[in-house]
Amino acid sequence: MKIVELLLLAIGLSMDAFAVSICKGLEVKKIRIKECILCGLWFGGFQGLMPFIGYLLGSRFEVIINKIAPWLAFMILVIIGVNMIRESLGNDDDETPGFNVKTMFMLAVATSIDALAVGITFVAVPVKLINSSNIINTVAACLIICVITFVFSFAGVRIGNIFGARYKAGAQAAGGHSQ
């Protein structure tokens, strides 16, 4: 995997954190830089950590994974896809309570599960960013994923807050809610 593929992968991985960050921004009346950084650190940190954990787990079982890698990747993608479809059809109106540690931890883990699977695939499809060992390249890839997710999450909180402040009254009126 080269830098272009890694950047596209990192952007793809950051999209669920971006969406959750927008929701976090929507729920806050007045956003401060603290909340933007907090979301970025939680989501970026977990998105960077999970592929590394996946790589470590995958490298322990490299011989087996190399034999079944195409089928394993297929199954992981099917499971993730089915789960995404199931979640989109669900009708749960969860309210996300603030930026406390418990909430942010749960959201960070939930948005980074797919990154764990990506880390496992780094064993079968090694990252080639620099002329160095696989572990150094994997750490560099995880840092790139971390930084990109941080940026998207930081921006997501801000974007959500801007839209929430601008369109809240109209959205509530359209939904039949009064304040």
If one puts a single equal scatterer on every Cα of the range 1-50 and applies the Debye formula without solvent, what log₁₀ I(q)/I(0) results at q = 0.23 Å⁻¹? -0.87
Residue separation between Leu8 and Lys128 times 0.36 nm, minus their alpha-carbon distance, gives in nm 41.7 nm
Given the alpha-carbon gyration tensor of the range 93-153, what are the semi-axes of its equivalent ellipsoid in whole angstrom, ordered largest first, with each equal to the square root of 5 times an eigenvalue? 30, 13, 8
Round to the nearest 0.05 the FRET efficiency obtained for Met1 and Phe105 when R0 = 25 Å and r is the Cβ-Cβ distance. 0.30
Which listed residue (Cys23, Tyr55, Ile33) has the Cα farthest towards the positive end of the charge dipole for the range 1-65, taking +1 on Lys and Arg C-beta and -1 on Asp and Glu C-beta about the Cα centre? Ile33
Ordering Lys67, Lys34 from largest to smallest accessible area (1.4 angstrom probe), what's the sequence? Lys67, Lys34
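The values are calculated or read from the model by the stated rules, or taken from the named source; none is laboratory data. Because the structure is a prediction, the values reported are computed rather than measured. Note that each Cβ is placed from the backbone with ideal geometry, even for glycine, and that neighbours are counted across all protein chains shown. All accessible areas refer to the heavy atoms of the entire protein, side chains included, with ligands and DNA or RNA removed. Shrake-Rupley method; radii C 1.70, N 1.55, O 1.52, S 1.80 Å.
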